[in-house]
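Peer 1: Structure in structure tokens, see below.
What follows draws every value from the coordinates through simple rules; no lab data is involved. Bear in mind the structure is a predicted one, so any value in this text is a computation, not a measurement. FYI the Cβ positions are ideal-geometry reconstructions off the backbone, even for glycines, and counts take in every protein chain you see.
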Amino acid sequence: MSPLQRIQSMLGVGTSLSSRRTAGGIKPPSYKEHSLRSRIMPMPIPPQLKIPVGATESGTIALDIAAGDHVHKYQKLAQLQLSAQGRTSIPVHAPTSGIVSAIEEAYVADHSQQKQVCIVLKTDGLDTSLPLEPAVDYRQLASEELVTAIRRAGIVGMGGAGFPAADKIDSAAHQALDLLIINAAECEPYISADEALIRERAEGVVTGAEILQRASS
């Protein structure tokens, strides 16, 4: 089936998808044609990365590494145990290989305006990684196993609050929801990451939606 047919099957609708517009609101120029004029490309590895773990006000931080350690891509660096009620922990992993040059507090590009504990990684350019666990068919896993895998991956929301995705899914599973909406409407000019993924990697997007559907059932 095509990605569209798979979406229609998930929603239980036919070949015609109706849409309805809401009147009112502010609609600034999108300028997304500028950010969509090239395809998704790998980013070169910079000489240094500053990896935010979290603010101490958000919870308890447990570091798995120290300054001077050599780390590999995918290696767990730290874990933030959130203090908010109903929230669990967020593991943080290395995006590439290199030497931990410092662990420090710094401001990062988010809405909190608080300093966060950051791991400064001097990259080695080799991008050596730890071996990943063999991939399994998500359709053979129970919802609890999928939620555990998502939690171990450290996936969080990108909307600003940074809530763990596993907590959201677990909450949905306990509320007996019958509709999953994948919101790919990006609200600001130029921002087009979601649209680029849908254009170029639609199969993966739909598979991700199917995984969420199964995990929250």
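Peer 1: About its Cα centre, what dipole magnitude does region 88-141 give when the only charges are +1 on Lys and Arg Cβ and -1 on Asp and Glu Cβ, stated in debye to the nearest 20?
Peer 2: Values: 3 positive and 7 negative charges, 15 e Å.
Its charge dipole is roughly 80 debye.
Peer 1: Sticking with this structure for a sec: Listed here are the pairs 50/73; 122/168; 32/115; 32/122; which of them are more than 25 Å apart at the Cα?
Peer 2: Too far apart for the 25 Å limit: 122/168; 32/115; 32/122.
Peer 1: Per-residue counts of other Cβ atoms within 10 Å, averaged by peptide: what ranking do you get for 179-186, 151-158, 208-215, highest first? Mind dumping the intermediate values first?
Peer 2: Numbers: 179-186: 11.0, 151-158: 15.2, 208-215: 17.1.
With the highest mean Cβ count within 10 Å placed first, the list reads 208-215, 151-158, 179-186.
Peer 1: Here's something else I'd like to know. Amide H of residue 64: which non-local residues (sequence gap of 5 or more, or other chain) have their own amide H closer than 5 Å, using H built in the peptide plane?
Peer 2: Close amide H contacts, sequence-distant or interchain: 78, 79.
Peer 1: Could I ask something else about it? Using the Karplus equation 6.51 cos²θ - 1.76 cosθ + 1.60 (θ = phi - 60°), what ³J(HN,Hα) coupling, rounded to whole Hz, does each residue of region 31-48 give in order, writing x for Gly and Pro?
Peer 2: My calculation for region 31-48 gives 6, 6, 5, 6, 7, 9, 6, 10, 7, 5, 10, x, 8, x, 6, x, x, 9 Hz in order.
Peer 1: Place a +1 charge on the Cβ of each Lys and Arg in the chain and a -1 charge on the Cβ of each Asp and Glu, then give the dipole magnitude about the Cα centre in debye, rounded to the nearest 20.
Peer 2: 540 debye
Peer 1: Of 90, 60, 75, which is farthest on the positive side of the dipole of region 48-123, counting Cα position, with +1 on Lys and Arg Cβ, -1 on Asp and Glu Cβ, and the Cα centre as origin?
Peer 2: 75
Peer 1: Show me, bin by bin at 5 Å from 0, the whole-percent P(r) of region 48-123 based on Cα pairs.
Peer 2: Distribution as computed: 3, 17, 27, 24, 17, 8, 2, 0 percent.
Peer 1: 5 Å is the cut-off here: which amide hydrogens, built 1.01 Å from N in the peptide plane, fall below it relative to residue 73, excluding neighbours closer than 5 in sequence?
Peer 2: Under 5 Å from the amide H of residue 73 lie the amide H atoms of 97, 128, 129, 130, each far enough along the sequence or on another chain.
Peer 1: Of the listed values [x] 19.7, 59; [y] 17.2, 58; [z] 19.9, 66, identify the label whose number matches Rg and Dmax of the Cα atoms in Å calculated from this model.
Peer 2: [x]
Peer 1: Under a plain spin-label model, where a point goes 7 Å from the Cα along Cα-to-Cβ, how far apart in nm are residue 39 and residue 174?
Peer 2: Once both label points are built, they end up 4.5 nm from each other.
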